[in-house]
């Protein structure tokens with residue numbers, strides 16, 4: 001393994017956030033007499049943010065008062081849920097411990113807001129130190145803009161060509177391309193029906209955290 005720093009997306013890559021998202025969306029469905037979404041549906045849209053999940057999983061038209069109201073409720077409920085332990089994907093803890101053992105700097109670039117990220121970071125830091133964490137509040141433009149990746153590279157003093165950015169969404173791979181940084185698809189994450197990661201031109205595709213751990 002030749003990379004000097006490993007950078008990760010958060011939801012759908014390290015965190016199995018769909019567990020919380022599914023619970024919240026079902027609470028909203030029950031409260032507002034809507035059809036409860038399946039876990040499969042939630043997992044398909046979980047990497048796209050609250051607005052898309054409300055639209056697709058609860059079948060509420062975007063740009064309506066009801067949609068905005070449900071998005072606000074979703075974020076309030078998530079703000080409570082995220083204070084609790086967030087489940088990691090199987091194999092992620094062992095992967096992070098290996099990075100720590102090998103003294104490979106770990107960074108996180110997420111489109112999640114810092115108000116949520118700040119409750120998650122300590123959980124991950126107990127497993128492996130996070131050298132830098134970049135949220136949507138730390139950049140002027142979110143992924144696929146490369147700003148967050150470029151900030152990480154600069155602050156770690158590691159050239160983009162020596163970093164590897166890993167994510168489960170095409171925008172993650174596009175962000176890496178835009179930063180001229182090697183990339184990897186987390187194929188265990190929240191891919192949507194019709195996604196074809198083999199066509200995203202990522203440097204690597206890993207089927208599981210264990211596959212990535214073996215590579216490192």
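Among the residues of the stretch 30-57, the one identified as touching a residue at least 60 places away in the same chain (Cβ under 8 Å) and not in a helix (DSSP H, G or I) is 49.
Going through (1) buried (at least 16 other Cβ atoms within 10 Å of the Cβ); (2) closer than 23 Å to residue 2 by Cβ; (3) touching a helix residue (DSSP H, G or I) at 6+ places or on another chain (Cβ under 8 Å) one by one, residue 99 falls short only on (3).
Considered as a group, the residues in the stretch 79-99 that are more than 26 Å from residue 165 (Cα to Cα) and assigned to a helix (DSSP H, G or I) include one that is modelled with the highest pLDDT, and that residue is 79.
Sort through 199, 192 and tell me the only one that's over 24 Å from residue 118 (Cα atoms), over 18 Å from the mean Cα position of the chain (by Cα) and either touching a residue at least 60 places away in the same chain (Cβ under 8 Å) or surrounded by fewer than 17 Cβ atoms within 10 Å (Cβ to Cβ) (or both). It would help to see each step written out before you state the result.
Numbers: 192 fails: over 18 Å from the mean Cα position of the chain (by Cα).
After ruling out the rest, the residue left standing is 199.
So, in the stretch 172-186, of the ones that are free of Cβ contacts under 8 Å to residues at least 60 places away in the same chain and within 16 Å of residue 10 (Cβ to Cβ), which residue ends up surrounded by the most Cβ atoms within 10 Å (Cβ to Cβ)? The residue in question is 176.
Of the residues that sit in the stretch 110-128 and are part of a helix (DSSP H, G or I) and touching a residue at least 40 places away in the same chain (Cβ under 8 Å), which one is farthest from the chain's Cα centre (by Cα)? Step through it out loud before you land on a result.
Filtering the stretch 110-128 for residues part of a helix (DSSP H, G or I) gives 114-125.
Going one step further and asking which of them are touching a residue at least 40 places away in the same chain (Cβ under 8 Å), we end up with 117, 120, 124.
Numbers: 117: 11, 120: 12, 124: 13 Å.
Residue satisfying both the conditions and the ranking: 124.
Has the stretch 135-153 got any residue that is in a strand (DSSP E or B) and in contact with a helix residue (DSSP H, G or I) (Cβ under 7 Å, 6 or more places away or on another chain)? No, the stretch 135-153 contains no residue that is in a strand (DSSP E or B) and in contact with a helix residue (DSSP H, G or I) (Cβ under 7 Å, 6 or more places away or on another chain). If the condition is being buried (at least 17 other Cβ atoms within 10 Å of the Cβ) and either assigned by TED's automatic domain parsing to the domain that holds residue 173 or under 21 Å from the mean Cα position of the chain (by Cα) (or both), then the stretch 52-66 contributes 53, 54, 55, 56, 57.
Only a single criterion out of (1) in contact (Cβ under 8 Å) with a residue 24 or more places away in the chain; (2) assigned to a helix (DSSP H, G or I) is not satisfied by residue 165, namely (2).
Would you call residue 69 over 24 Å from residue 158 (Cα atoms) and either crowded, with 16+ Cβ neighbours inside 10 Å or without any contact (Cβ under 8 Å) to a residue 12 or more places away in the chain (or both)? Reasoning before the result, please.
Details: over 24 Å from residue 158 (Cα atoms): yes; either crowded, with 16+ Cβ neighbours inside 10 Å or without any contact (Cβ under 8 Å) to a residue 12 or more places away in the chain (or both): yes.
So residue 69 fits the description; yes.
When residue 107 is tested against (1) more than 14 Å from the chain's Cα centre (by Cα); (2) in the same structural domain as residue 131 (by TED's automatic domain parsing); (3) not in a loop (DSSP other than H, G, I, E, B), only condition (1) is not met.
The values are calculated or read from the model by the stated rules, or taken from the named source; none is laboratory data. As the structure is a computational prediction, the values presented were derived from the model and not from experiment. For neighbour counting, all protein chains shown are included, and Cβ atoms are generated from backbone atoms with ideal geometry for every residue, glycine included.
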